[in-house]
């Protein structure tokens with residue numbers, strides 16, 4: 001069985017985007033008044049970054065469909081997925097569970113996001129040639 005990577009990335013983007021909407025609604029309606037305002041802001045930051053990077057995954061998938069898969073696009077997709085899990089996931093965990101050890105995980109997710117955007121730049125530069 002062969003995997004259609006662009007389709008898998010679109011599926012990951014759809015799951016991430018749908019969960020982002022659901023978690024955003026949960027934060028706005030289910031957490032308001034139950035957690036401190038700063039924690040609610042932290043939760044919304046997680047949602048915002050998740051949604052932005054769900055869209056970034058769609059960009060990567062469409063670039064793959066346009067020009068074919070290559071290492072830079074594979075890296076971008078992987079970095080965005082891992083970034084969502086580490087960055088947004090750790091912030092959700094911090095707010096919902098008070099597990100403070102998740103705090104140092106968040107910047108690792110941010111580094112993944114940066115790596116994903118850098119790989120996207122590299123993919124764009126490759127397409128100029």
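Every read-out reported here was derived from the displayed coordinates using simple, explicitly stated rules and does not represent laboratory data. Predicted model, so just to flag it, every value in this text is computed and none were measured. Ideal geometry is used to build each Cβ from the backbone, glycine not excepted, and the neighbour counts take in all protein chains shown.
The radius of gyration of the Cα set in the chain, together with its Dmax, comes out at 15.9, 54 angstrom. Modelled spin labels at residue 38 and residue 15, positioned 7 Å past Cα toward Cβ, are 3.4 nm from each other.
Radius of gyration (Cα atoms) of the stretch 3-56, expressed as a multiple of 2.2 N^0.38 Å: 1.33. Could you bin all the Cα-Cα distances of the stretch 88-129 into 5 Å bins starting at 0 and give me the percent of pairs in each, rounded to whole numbers? All Cα pairs considered, the percentages come to 6, 23, 18, 13, 11, 10, 8, 6, 4, 1. For residue 3 and residue 118, the difference between the fully extended length at 0.36 nm per residue and the C-alpha to C-alpha distance is 38.9 nm.
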